[in-house]
Amino acid sequence: DLAVLYKGDKFFPEEIRSIESGFRRTFLYVRGKLCGERIDLIVCHLPSQLSRRENRLRAQRRLATFVDSLHRADTSARIIIAGDFNDTPDAASFEIIDGTLMNLGRKLHERGEGTIRYEGKWDLIDMFMVSPGLDGRTDMEICRIPFLMTWERKHPGEKPLRTYSGPRYIGGVSDHCPIILKIYH
């Protein structure tokens, strides 16, 4: 259930593989060249809040171990992690990887922005983390396109238009807003 969308004239994948996460979902690893610069991209979907917290921590530990292996191989590695972490940036679980990577979602979270809306409250659980070499050259945005949104009556306000509500198909795309990473030269 993981994918990477990119501009084919800007990013050139060199290696694509699955990485074991310690849970039933895998991480997607893509190494490539972005405008001539090598980038290591990891896409993840960590276990949900309904799962045992230990499952999410085990997946984050595995993610941290993989990031460490990339740093050991190349201390100047440009690493980007993208995905659904199923935790907000202030969660204790991020201490596992904090310090190694910068969480681009932290500022948005502190402003009350989010990618998923539950009982009228926005939570930011989809985010990008980048290595220090990319800090200051990157920006994260939450994409709220009108056709991806719907009005919620129970807790008035917009929320993402999901594909299913229980077993009922309602024709949306996702219950999460997409996120965009901008990288500047």
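The values are calculated or read from the model by the stated rules, or taken from the named source; none is laboratory data. The structure presented is a predicted model; accordingly, all values stated were derived computationally and were not measured. Here the Cβ is made from the backbone with ideal geometry for all residues, glycine too, and neighbour counts use every protein chain on show. In case anyone asks, the SASA skips ligands and DNA or RNA and just uses the protein heavy atoms, side chains included. Shrake-Rupley method; radii C 1.70, N 1.55, O 1.52, S 1.80 Å.
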### Task
Take the Cβ-Cβ distance between residue 165 and residue 75 as r, set R0 to 45 Å, and report the resulting FRET efficiency rounded to the nearest 0.05.
0.40
### Query
Roughly how many whole Å is it from the C-alpha centroid of the stretch 103-136 to that of the stretch 21-96?
15
### Query
Where Rh is the Kirkwood radius over the Cα pairs of the chain, the temperature 37 °C and the viscosity 0.692 mPa s, what D in µm²/s does Stokes-Einstein return?
189
### Query
So what does residue 35 come to for accessible area, using a 1.4 Å probe and Å² rounded to 10?
70
### Task
Can you tell me the FRET efficiency between residue 91 and residue 9 if r is taken as the Cβ-Cβ distance and R0 is 41 Å, rounded to the nearest 0.05?
0.65
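What number, in percent, do you get for the relative contact order of the stretch 1-148 if the mean sequence gap of Cα pairs under 8 Å and at least 6 apart is divided by its residue count?
Relative contact order here is 18 percent.
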### Message
Which of 146, 160, 13 ends up with the largest GNM mean-square fluctuation for the chain, with Cα atoms connected below 10 Å?
### Response
146
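Say R0 is 22 Å: what FRET efficiency, to the nearest 0.05, do residue 182 and residue 2 get from their beta-carbon distance?
Details: r = 21 Å, r/R0 = 0.94.
Calculated transfer efficiency: 0.60.
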### Message
Could you identify which residue out of 153, 24, 144 has the top mean-square fluctuation in a GNM of the chain using Cα springs shorter than 10 Å?
### Response
153
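How many Å² of accessible area per residue for the stretch 98-158, probe 1.4 Å?
On the way: 3460 Å² over 61 residues.
Per residue, the stretch 98-158 has an accessible area of 57 Å².
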### Task
For the stretch 83-185, state which GluC sites (Glu not before Pro) are in a DSSP loop and have at most 14 other beta carbons lying within 10 Å of their beta carbon.
119
### Query
How are the C-alpha pair distances of the stretch 63-162 spread across 10 Å bins, as whole percents from the shortest bin up?
14, 42, 27, 13, 3, 0
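Per DSSP H run of n ≥ 4, the term is -39500 (n - 2.57); total these for the chain, divide by its residue number, and report the mean residue ellipticity at 222 nm rounded to 500 deg cm²/dmol.
Numbers: 2 runs with 26 residues, N = 185.
After summing the helix terms and dividing by the residues of the chain, the value is -4500 deg cm²/dmol.
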### Query
How would 18, 93, 174 rank on accessible area, largest to smallest, probe 1.4 Å?
18, 174, 93
### Message
Counting only protein heavy atoms and a 1.4 Å probe, tell me what percentage of the stretch 45-185's accessible area is made up of carbon and sulfur.
### Response
52
### Label point 7 Å beyond Cα of residue 144 along Cβ direction - residues of the stretch 164-185 with amide nitrogen under 20 Å
172-182
### Message
I'd like the orientation of helix 53-73 relative to the chain: the angle between its Cα long axis and the longest Cα principal axis, in ° from 0 to 90, rounded to 10.
### Response
30
